[in-house]
Every structure is written in structure tokens, then in C-alpha cells.
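The values are calculated or read from the model by the stated rules, or taken from the named source; none is laboratory data. These figures come from a predicted structure and were not determined experimentally. Backbone-built Cβ (ideal geometry, glycine too); neighbour counts: all protein chains shown.
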């Protein structure tokens with residue numbers, strides 16, 4: 001399994017905030033995804049109703065997950081493929097290695113797959129003398145930089161183009177070292193040329209899956225570059241690595257969910273390539289792989305079934321929650337320290353690798369609620385992060401100072417008269433010192449806040465509670 | 001215990017039940033056999049699906065020529081290749097639907113048939129369906145439809161008949177279900193290959209075709 005750096009989340013986040021290149025890359029990301037999703041949603045009036053239906057499809061599937069998985073396996077076998085049930089990342093790695101060894105594979109091309117990251121597949125291949133080649137442009141870039149992806153659909157979103165050029169100059173020594181690589185187009189063309197031959201030479205092609213279909217024994221990939229299709233069409237074997245919650249009952253169910261996938265992810269009406277693969281090539285086919293394998297990974301997901309985190313298994317990895325998260329937008333994906341960043345990672349990571357390891361992540365949220373608002377599968381991410389925070393507190397795993405702080409706050413919060421009196425006092429004191437400037441650059445005991453931004457001074461008009469009562473406690477400010 | 005049994009056991013434990021009984025399994029099989037459709041996008045309630053297909057295809061950088069019959073395909077193909085400064089050499093799918101195209105009308109065109117090994121710059125295939133909803137082509141693999149032709153050549157030319165245009169993806173699935181068994185590969189293709197992986201700037205021609213041109217045969 002990929003090693004976790006999640007315990008050091010706070011340190012990671014601090015480094016990320018001080019990383020100029022990263023901050024520049026994150027600034028470029030901020031508006032694009034959000035605007036394009038909104039436009040795509042506006043063009044499809046049924047969008048929100050389809051989200052409801054997508055949620056119901058996944059809920060139905062999860063309630064019958066054992067049956068649909070067995071049926072999926074039966075159909076794959078009937079079509080001449082093979083399903084490998086893998087409880088752990090090690091099981092998955094060994095199953096993949098055996099397939100590669102049987103074909104005497106030297107090189108393996110890979111389409112983008114988060115499961116590949118989860119099971120640490122590239123390092124494992126290298127340890128075993130097999131060359132893994134990432135073929136998604138973003139994945140290829142970070143493979144050259146020996147980094148993990150920082151976003152689930154845009155893995156190299158933290159990399160600036162001059163950094164891509166550096167990686168290419170360093171690795172592609174077959175080309176003129178003085179060639180110009182300032183333009184993204186030149187970078188893309190060079191990657192295309194290098195990878196084209198790799199597609200043709202590879203012995204095994206590995207892709208992920210956006211859906212597995214129980215009706216037909218089909219796996220589905222949704223991509224834009226076409227690398228996944230070249231990966232799975234040309235080599236002798238196509239190996240699909242997928243976690244078990246990817247299954248849906250029918251082609252129509254996958255189609256319904258696909259209508260909200262690209263729109264939520266990139267704001268496209270539909271991704272360029274949605275590819276349905278069923279078994280190996282037929283005897284009369286002129287091309288396609290001779291073998292078809294599905295590595296079905298559990299890695300803790302079966303334990304989420306029936307738990308308060310089951311709803312997380314609806315996730316279709318569109319990345320919308322990352323794109324809309326103020327925390328992700330400030331620190332990027334690497335700070336989260338494991339495979340899955342952003343709000344979906346803050347829920348999934350503790351569920352998969354444990355609250356002990358990843359207890360910090362659910363705290364990395366302002367509970368603004370945008371993640372739930374944009375989630376195409378309507379996963380109540382803030383609610384689940386709250387549950388995880390409670391578990392972290394109950395499990396006594398958090399730092400002592402934080403636990404003491406929360407206990408003190410709880411003491412006051414349970415005694416409203418005392419809470420209000422103290423809030424009023426704080427308001428007066430802060431107001432008296434800071435109202436003229438309107439903000440504090442430093443605050444005793446408040447360095448955690450003021451190290452990265454000013455603390456606003458209270459303005460005239462009283463505390464929130466006082467203003468609330470003065471307006472009669474109505475829900476709307478206009479009322 | 002095998003991985004399979006331990007995984008299924010853990011799922012059943014989480015669900016608080018054993019394996020499903022016959023009646024419950026039958027209900028799930030009925031759901032699969034019925035393969036009910038989801039919500040239908042109202043945008044396809046239009047009198048002119050053909051125009052809608054062309055409009056959405058244009059939005060994803062696909063160009064479309066409309067012709068009256070297969071007889072006109074060689075002219076349009078030759079003109080397109082000349083206009084784009086591309087070699088007049090075609091790798092064509094060994095598809096009976098394309099057998100009647102009179103390629104010798106344009107003697108400058110060199111035509112060979114079969115799958116692609118990556119050495120062909122221009123490929124031409126016939127589509128299985130066109131989906132108006134998003135301007136998407138549906139291609140299926142088979143002896144007449146090599147998948148490599150959809151991805152390896154830099155330029156992908158597609159012959160689509162107007163009678164193959166349907167409203168939604170589900171309409172296209174119905175047409176596929178009406179035919180033979182599920183093919184190895186079904187490709188839904190919406191425009192030429194693209195990437196935004198370098199600083200979010202979109203470029204066409206990542207790993208698949210750099211350009212896509214459809215010759216729409218108006219047989220309706």
C-alpha cells in the first residue's frame with residue numbers, strides 16, 4: 001500500500017502554503033473548474049434530478065453488493081475473462097505480477113488509476129524488474145518527477161509548465177538538449193512521440209475502471225486523451241484494476257451516472273472517450289487484447305458496507321469536491337499525505353487506513369458545505385467528517401492541547417449565559433484595540449490564525465448573538 | 001478462506017444478512033432484464049436530431065460534411081485531406097457498409113483496408129450510431145471495425161448515415177441490444193483526443209487523433 005504521510009498533515013499544509021510554485025499552480029486552477037461545472041449544469045435542466053437518480057442506483061447496488069459482484073464475475077467468465085478477488089493491496093499486486101510473469105512481460109503501460117496508486121503498483125513493478133509506464137499525460141509527468149498525484153482527475157495540477165520542461169530535458173535524452181520547450185504544445189507533442197512507441201511495445205496494459213457492469217461483465221473507462229484505449233487495445237493482456245464499489249447493475253445505470261460525471265468533473269458535456277470493454281478480443285476480431293483480467297480490490301471497503309461511512313462508497317471520483325474546497329485550494333493535494341485528497345479523501349482515507357493514521361484529515365474542513373452541494377452522488381461529506389472528528393475525540397488520539405481546548409469550549413458552550421458574557425467581553429476588548437485598523441496582524445495566542453492572514457477586528461453593532469436577538473432572531477436579514 | 005469468500009462474507013456481515021434467497025435474486029434479475037432507462041434529457045425533444053448532432057459535434061471541434069450518398073464520400077474525403085494538407089493515403093475499415101464507396105472516383109487517393117499498426121496517418125471507419133444528445137459517435141469492435149483505427153491514426157474520418165442518428169445514449173444501446181452479442185469494445189467518442197494536464201490549457205491530439213471529420217450521408 002502506498003505509504004502515508006498523513007500524520008504530518010499540519011506540517012505538510014504549512015509547507016504547501018509557503019511553496020510559491022504550488023500556490024501559483026493552485027491559483028490557475030481556482031476558477032476554471034467551478035465555472036465550467038456551473039455552465040454544464042445550466043445546460044442540462046435535469047442535472048439535479050439525475051443526481052438523485054444516480055444516488056438511488058448506487059444505494060440499490062450497495063444494498064445488494066454481494067449479488068452484483070458475483071454476477072459481474074459470472075459474466076466476465078462467460079465472456080472469456082477472469083476476475084481476481086483481492087482482499088488486500090498485496091493480494092492485488094501478486095495477482096498482477098503473476099499475469100505479467102506468465103506473459104514474460106518487460107514493460108507495462110498504464111492508464112490513469114487511483115487504485116494503482118492505492119496499491120503502490122509502480123514501485124512494486126520496479127522492484128520486480130518490470131518497467132511501468134504511465135500514459136496519461138499528467139501521470140507521466142509526475143512519474144518522471146517521482147511524485148504522487150495531487151488531484152484525482154488532474155494528477156499534475158501542482159506542476160507548472162517550466163517544471164514539466166525540466167523533467168523532459170532530464171529524461172528524454174534522445175532529443176536535442178537545446179530544443180525549445182516553452183510552449184505547452186511542444187511538451188505535449190514530445191510526450192506523444194515518446195509514449196506512442198511505448199504503447200506499441202508494451203506486453204501488458206493496465207487501466208482503472210469508472211464502472212463495472214453486472215449485466216454484461218463489462219468494465220468502463222472515461223477519459224479524454226485516448227491513452228487508456230491505446231493501453232488496453234494493443235498489448236497481449238488488458239488488466240483492469242478496480243475497487244469493488246465500482247459495480248452497477250446495467251448499461252443504462254452506468255449511462256445515467258455518466259451524465260453527471262464529466263459535467264461535475266471538468267464541465268464537459270461528455271468526456272471524449274467512454275469505453276465499454278467486455279472480455280478479450282473475439283476470435284474473428286482484427287485487434288484487441290488476447291487476455292482480459294479484472295483485479296477486484298477490497299482493501300477495507302467491505303467493512304464500510306453497513307457502517308456510517310457506507311455512503312462514501314457512492315463516490316465516482318469526479319473531483320468536484322476538491323475543485324470547490326477552500327482547504328484543497330489553499331494547500332493542494334500532497335499535504336493530505338495519502339492517495340485521496342480533498343473532502344472525499346478526508347472521509348475515505350481514515351475509513352481505509354484508520355483514524356489513528358489519518359485523524360487530522362477530517363479537521364481540514366471549514367464545514368462550508370460546498371463539497372456536499374456539488375457532489376453528483378450527494379454524499380454528505382461534512383456529516384461524515386463530523387462523525388470522524390467525534391471518533392478521533394472519543395479515541396483520544398488527537399493532540400492533548402486540542403483535546404483540552406475542545407473540552408474548555410464545550411464547558412462554555414453548554415452554559416449559554418457564561419458563553420455570552422465571555423463573548424461580549426472578548427468583543428469589547430478586541431474592538432477597543434483593533435477597531436481603528438479593522439484587523440490584527442498579530443494576536444496573543446492567535447498565531448495559528450495570524451501567521452497566514454489577518455484576524456478581523458469586531459465592528460460596531462455587537463456580537464453576532466446580540467445582532468441576532470436585536471433583529472428578532474429571524475432567519476433572514478431582510479425580515 | 002479465499003479472497004472471494006472473505007470479501008463476500010464481510011459485505012454480507014455489513015449488510016446484516018446472509019446470501020440472498022431465490023425470490024430476492026429473481027427480483028434483481030428482473031431489474032437487470034428490464035434495464036430501465038434513467039431520466040431522459042429534454043434537450044432531445046427536438047424535431048431535428050440530425051442538426052442537434054452536428055451542432056454538438058461542432059462544439060467539441062469536430063467538422064462535418066453533409067453528402068447525399070456514399071458516392072460523394074471520395075470527393076469530400078479527398079478535398080478535406082487536401083485542405084488540411086494531409087497525405088491522400090487512407091486506411092479504411094474492412095466494413096461491408098463501406099464496400100460501395102467508389103474510391104476510384106478520386107484516383108489520387110490511395111486506399112488500403114484493415115486495422116492500424118500505428119503507421120497510418122489517416123483512418124476511416126463507419127460509425128454504429130450518432131448520439132445527438134452530445135454529438136457523440138458510438139463505435140463497436142468486430143471483424144469490420146478494428147478499434148485501433150479509432151485511436152492510432154492522427155486523423156480520424158468517420159462515415160455516419162443520418163438514419164443512424166438517435167437522441168440519447170440509451171437509444172443507441174437499444175440498437176446494439178437488437179443486434180448480436182456484446183462486442184469486445186464499444187467506444188463512445190466525443191471529438192478528437194484532448195488534454196488539459198499542462199496548466200489547465202486544453203490541447204487537441206493528446207494520444208488519440210488530433211482531428212476528427214465526419215461525412216454525414218443523408219439517407220433519411
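Observations on the structure shown:
- Residues located in region A:220-241, provided they are more than 13 Å from residue B:185 (Cα to Cα) and either at the interface with chain B (Cβ under 7 Å from one of its Cβ atoms) or surrounded by fewer than 24 Cβ atoms within 10 Å (Cβ to Cβ) (or both): A:224, A:225, A:226, A:227, A:236, A:237
- Residue within region B:144-167 that is touching a helix residue (DSSP H, G or I) at 6+ places or on another chain (Cβ under 9 Å), surrounded by fewer than 21 Cβ atoms within 10 Å (Cβ to Cβ) and either in a loop (DSSP other than H, G, I, E, B) or not assigned by TED's automatic domain parsing to the domain that holds residue B:124 (or both) present: yes
- Here the condition is being touching a strand residue (DSSP E or B) at 6+ places or on another chain (Cβ under 9 Å), closer than 30 Å to residue A:41 by Cα and assigned by TED's automatic domain parsing to the domain that holds residue B:185; of B:140, B:59, it holds for B:140 alone.
- Hits in region A:395-445 (condition: in a loop (DSSP other than H, G, I, E, B), more than 25 Å from residue A:360 (Cβ to Cβ) and either touching a helix residue (DSSP H, G or I) at 6+ places or on another chain (Cβ under 7 Å) or modelled with pLDDT of 85 or more (or both)): A:414, A:415, A:441, A:442
- Within region A:252-269, no residue satisfies the criterion of being within 7 Å of another protein chain (Cβ to nearest Cβ) and in contact with a strand residue (DSSP E or B) (Cβ under 6 Å, 6 or more places away or on another chain).
Quick grid of which residues meet (1) closer than 28 Å to residue A:381 by Cβ; (2) in contact with a helix residue (DSSP H, G or I) (Cβ under 6 Å, 6 or more places away or on another chain); (3) in the same structural domain as residue A:124 (by TED's automatic domain parsing):
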site	(1), (2), (3)
A:35	yes, no, yes
A:41	yes, yes, yes
A:51	yes, yes, yes
A:55	yes, no, yes
A:60	yes, no, yes
A:68	yes, yes, yes
A:82	no, no, yes
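- Count of region A:120-173 residues which are more than 14 Å from every other protein chain (Cβ to nearest Cβ) and part of a loop (DSSP other than H, G, I, E, B): 8
- Segments classed as helices (runs of 4 or more DSSP H), wholly inside region A:5-74, with at least 2 members that are in contact (Cβ under 8 Å) with a residue 60 or more places away in the chain and within 13 Å of chain B (Cβ to nearest Cβ): A:20-43, A:47-63
- Among (1) part of a loop (DSSP other than H, G, I, E, B); (2) surrounded by fewer than 23 Cβ atoms within 10 Å (Cβ to Cβ); (3) in contact with a strand residue (DSSP E or B) (Cβ under 9 Å, 6 or more places away or on another chain); (4) within 14 Å of chain B (Cβ to nearest Cβ) - the single one residue A:77 does not satisfy: (1)
- Residue among B:152, B:160 that is touching a residue at least 12 places away in the same chain (Cβ under 8 Å), more than 7 Å from chain A (Cβ to nearest Cβ) and closer than 25 Å to residue B:49 by Cβ: B:160
- Members of region B:99-108 that are under 14 Å from residue B:79 (Cβ atoms) and surrounded by fewer than 16 Cβ atoms within 10 Å (Cβ to Cβ): B:105, B:108
- Flag for residue B:124 being away from chain A (no Cβ under 13 Å), surrounded by 24 or more Cβ atoms within 10 Å (Cβ to Cβ), free of Cβ contacts under 8 Å to residues at least 60 places away in the same chain and within 22 Å of residue A:284 (Cβ to Cβ): yes
- Hey, residue A:365 assigned to a helix (DSSP H, G or I) and either surrounded by fewer than 24 Cβ atoms within 10 Å (Cβ to Cβ) or not assigned by TED's automatic domain parsing to the domain that holds residue A:27 (or both) or not: no
- Among the criteria (1) more than 37 Å from the chain's Cα centre (by Cα); (2) modelled with pLDDT under 85, the one residue A:449 does not fulfil is (1).
- Scanning region B:10-23 for residues that are within 8 Å of chain A (Cβ to nearest Cβ) and in contact with a helix residue (DSSP H, G or I) (Cβ under 9 Å, 6 or more places away or on another chain) returns B:10, B:11, B:12, B:13, B:14, B:15, B:19, B:20.
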